[in-house]
Amino acid sequence: DQQVKQNSPSLSVQEGRISILNCDYTNSMFDYFLWYKKYPAEGPTFLISISSIKDKNEDGRFTVFLNKSAKHLSLHIVPSQPGDSAVYFCAASGIQGAQKLVFGQGTRLTINP
Amino acid sequence: NAGVMQNPRHLVRRRGQEARLRCSPMKGHSHVYWYRQLPEEGLKFMVYLQKENIIDESGMPKERFSAEFPKEGPSILRIQQVVRGDSAAYFCASSQRRGGDTGELFFGEGSRLTVL
């Protein structure tokens with residue numbers, strides 16, 4: 001049972017344009033959502049998070065949007081840079097805290113020069 | 001300040017052998033989490049520990065897998081009698097307190113287990 005889904009395994013974007021990565025979830029008990037970035041042979045690194053009481057959180061070039069009614073969140077990266085090429089994981093946690101982050105399958109983002 | 005340290009980075013074992021993976025959390029962090037990533041999949045929660053206590057092991061297979069986080073020393077994930085299906089990347093993460101301020105966990109670089 002995949003509670004967090006990233007339906008696009010890969011995404012290719014031109015440098016300077018906007019990258020939009022999508023994530024859907026099924027468990028309405030999730031109340032915290034995070035995005036992690038992962039380079040090959042490295043561990044995931046935290047990018048940005050959002051709690052369920054908000055619908056938007058911004059940090060520099062990264063913005064996360066949450067639509068609770070649709071159980072959908074998205075990560076916007078603008079402008080996209082070559083260094084953004086990586087695998088992006090969406091993750092969610094429930095009221096108990098982050099000890100059980102539930103991850104999506106990941107989306108491989110490639111930024112083309 | 002070193003981040004989460006995992007070793008070994010790569011481990012090769014034959015079927016039936018034991019695998020021990022070690023994790024030293026970030027300085028000041030007392031909460032440790034283990035996740036497993038199978039090829040082409042996301043990370044799956046295995047176990048959450050604090051010093052000398054297993055808090056949540058709901059993601060651990062019932063047999064052959066065990067974890068500990070002793071008072072002194074690193075956390076250890078132990079896999080007995082490994083099988084080919086255990087081949088995966090095992091990631092350790094830590095936080096200063098339960099869940100961290102933003103739910104953020106700090107991950108190590110992972111230990112890649114290959115079972116021949």
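Rule-based calculations on the coordinates, nothing more; no lab input. The structure displayed is predicted, hence computed values, not measured ones. Every residue, glycine as well, gets a Cβ built from its backbone with ideal geometry; the counts of neighbours run over all protein chains shown.
Annotations for the structure displayed:
- In order along the stretch A:4-12, the Karplus-derived 3J(HN,Hα) couplings, from 6.51 cos²θ - 1.76 cosθ + 1.60 at θ = phi - 60°, round to 10, 10, 10, 7, 9, x, 8, 8, 10 Hz, and Gly and Pro are given as x.
- If R0 is taken as 22 Å, the Cβ-Cβ distance between B:E18 and B:K44 corresponds to a FRET efficiency of 0.55.
- Calculated diffusion of the stretch B:29-116, Stokes-Einstein form, Kirkwood radius summed over Cα pairs, 37 °C and 0.692 mPa s, µm²/s: 244 µm²/s
- Derived scalar couplings ³J(HN,Hα) [the stretch B:59-75; Karplus, 6.51 cos²θ - 1.76 cosθ + 1.60; whole Hz; x for Gly, Pro]: x, 7, x, 5, 10, 6, 9, 8, 9, 8, 9, x, 4, 10, x, x, 6
- When the listed pairs A:K54/B:K44; A:K38/A:K100; A:K38/B:K71; B:K27/B:K62 are checked against a 22 Å cut-off, the alpha-carbon distance exceeds it for A:K54/B:K44; A:K38/B:K71; B:K27/B:K62.
- Two-decimal log10 I(q)/I(0) for the protein assembly as shown, as the Debye equation yields it once each C-alpha is a single scatterer, q = 0.12, 0.13, 0.17 Å⁻¹: -0.65, -0.76, -1.23
- Positive minus negative residues near B:V83 (Lys, Arg vs Asp, Glu; Cβ under 11 Å): +3
- Counting only other chain Cβ atoms within 10 Å of each residue's Cβ, the peptide B:36-48 averages 4.
- Partner chain coverage, peptide A:63-70 - average Cβ within 10 angstrom: 0
- When you restrict to C-alpha pairs under 8 Å that are six or more residues apart and normalise by the size of chain B, the relative contact order lands at 37 percent.
- Charge dipole (the protein assembly as shown, unit charges on Cβ, about Cα centre) - positive-most of B:S87, A:L101, B:Y48: B:S87
- In the stretch B:41-116, trypsin sites (Lys or Arg not before Pro) in a DSSP loop with at most 10 other beta-carbon atoms within 10 Å: B:K62, B:K71
- Qualifying chymotrypsin sites (Phe, Trp or Tyr not before Pro) for the stretch B:42-116 [loop in DSSP, other Cβ within 10 Å: at most 12]: none
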